[in-house]
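What follows is one structure encoded as structure tokens, with my remarks underneath.
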Amino acid sequence: MAASSSSAPNRWGIFATIPLVSADLPPGADLSLALAEPPAISILTLPRRISPDPLIDHRNFPSVLAADPSGLFLLHATQGPTDRTAGPVVYGDDLSARKLVTCRREFVHGYFLCDARSATAYRLPDPDEPDRILDAGNLGLLTRDGGRTYLLAEVQPISGSDKAVLLRYSSETGRWTSRDLHYPIGGVVRPWASHGVFSLGERLWWYDVSWGLLTCLPFEEEPELEFVPIPRTASEKLHSCPCTSRKHIQFSACFAISDGVVRFLRIGVPARPKVVVQRVKRPAQRHGAGKDPWIVMYSLRFNEDSDSWVWNIDHEVSFEEEIWCHHTYEASGLPKERPKLACVDPFNANLVFFFLGRYIFSIDLTSAALLKCTRYGVKRPTKEHMSSRYVLACPSSSDDVAACGARWC
């Protein structure tokens, strides 16, 4: 992202999504960014004027929603309590001519575009009524020309219909606009879990790790929303998660961008049991029923012949029979316990990072070797909740992006 000096061609960082809030910042600086070499975690620090609320819990933690190689961050921070004397918000739904009632929010929500290069933060204007940002976890950032032009976009599915609204903010116009879209999964009665948004090329990808991806080209005047389901084995039900409960699903499943390709990772059920079942002494554990978890990685490609997105299997690796018994893992002293997913190296899809207790470590899936391991210095969330939800892997677009207030640790 931002570095004072570097000889490596591919600098990147693992960024904590929950920043620190402190009064100890350089005069006039809106932020400070302590950059660390992976697997250590880089941490953004904000002044109280950007994030003024006393931190209660996950409801008002400031959060980095997106990190761009240009040095731009999209930040969400609450700005104080709302007017508790006011009644519920009532607004019209133009697409269905219904009145929707939403409970008034406890906090005023603020959205900022932060620039690590200049250590500045710009508060984005709120959309004009009746438009509004409904879910911070569904707001994505897409840039052009090294961050000189940017666009924010949120997909807002309309419950009980096959329609959605695309709410967009353009840096070129300085205003929010909304457009009606066809919602390709509107016939399925279940809400979209807003686990996050990432960009790749000219596309934004909204993801629900228990379900799949929504994607479009938001710079287009009339974008079309597509749905890509997560890869499934034949024995899985459509909306089940074989790895863990839905509440903690990001412990065991995540999306990533590496080598310019969308990846999906899952700890638990391997994709093709019959291919490697002879390597396992207890076949029942092959399916995650026992103590032997597996890490499976898929890559997403567009098939021109079928005009559809297709998942391919890149890796299937057993923790018990390959990773835990490797001499590098045994030398690390880490317990042989199922870890939680963190992220993937943006430049090498074979390198996957995991959390275990207070440690973060990397595994080369081609050799099952543990390469690096360190304690991570993140205070929030607690180690029990730390997962891929609370980190972003972001590369640097160049070595010459030295930022005021940013430094390598």
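Identification of strands (runs of 3 or more DSSP E) wholly contained in the stretch 56-171 with 2 or more residues that are at pLDDT 90 or above yields 63-67, 72-81, 107-115, 120-123, 139-144, 149-157, 163-170. Is it the case, given these coordinates, that Glu337 is closer than 25 Å to Lys383 by Cβ, open to solvent by 60 Å² or more (accessible area, probe 1.4 Å) and modelled with pLDDT under 95? Yes: the conditions hold for Glu337. Please state which one of Ser194, Ser178 is small (Gly, Ala, Ser), touching a residue at least 24 places away in the same chain (Cβ under 8 Å) and either part of a loop (DSSP other than H, G, I, E, B) or closer than 19 Å to Val310 by Cβ (or both). Every option except Ser194 fails the conditions.
Taking every residue in the stretch 23-36 that is without any contact (Cβ under 8 Å) to a residue 60 or more places away in the chain and pairing it with any residue that is open to solvent by less than 60 Å² (accessible area, probe 1.4 Å) and part of a loop (DSSP other than H, G, I, E, B), at least 6 positions away or on another chain, the pairs with Cβ-Cβ distances below 8 Å are Ala23/Pro47. The number of residues in the stretch 187-202 that are surrounded by fewer than 18 Cβ atoms within 10 Å (Cβ to Cβ) and in contact with a strand residue (DSSP E or B) (Cβ under 7 Å, 6 or more places away or on another chain) comes to 2. Selection of the stretch 298-344 for residues being in contact with a strand residue (DSSP E or B) (Cβ under 9 Å, 6 or more places away or on another chain) and among the basic types (Lys, Arg) yields Arg301, Arg338, Lys340. Look through the stretch 346-381, keep the residues that are small (Gly, Ala, Ser) and touching a Lys or Arg at 6+ places or on another chain (Cβ under 8 Å), and return whichever of them is most open to solvent (accessible area, probe 1.4 Å). Taking the candidates together, the pick is Gly357.
Residue under question is Ala256, and the condition is that it be of a type in the set (Gly, Ala, Ser), farther than 22 Å from Ile185 by Cα and modelled with pLDDT of 90 or more; does it hold? Yes: the conditions hold for Ala256.
The values are calculated or read from the model by the stated rules, or taken from the named source; none is laboratory data. Everything quoted here is computed from the prediction, not taken from an experiment. Neighbour counts are summed over all protein chains in view; Cβ atoms, including those assigned to glycine, are modelled from backbone coordinates with ideal geometry. We work out accessible area using only protein heavy atoms, side chains counted, and drop any ligands, DNA or RNA first. Shrake-Rupley method; radii C 1.70, N 1.55, O 1.52, S 1.80 Å.
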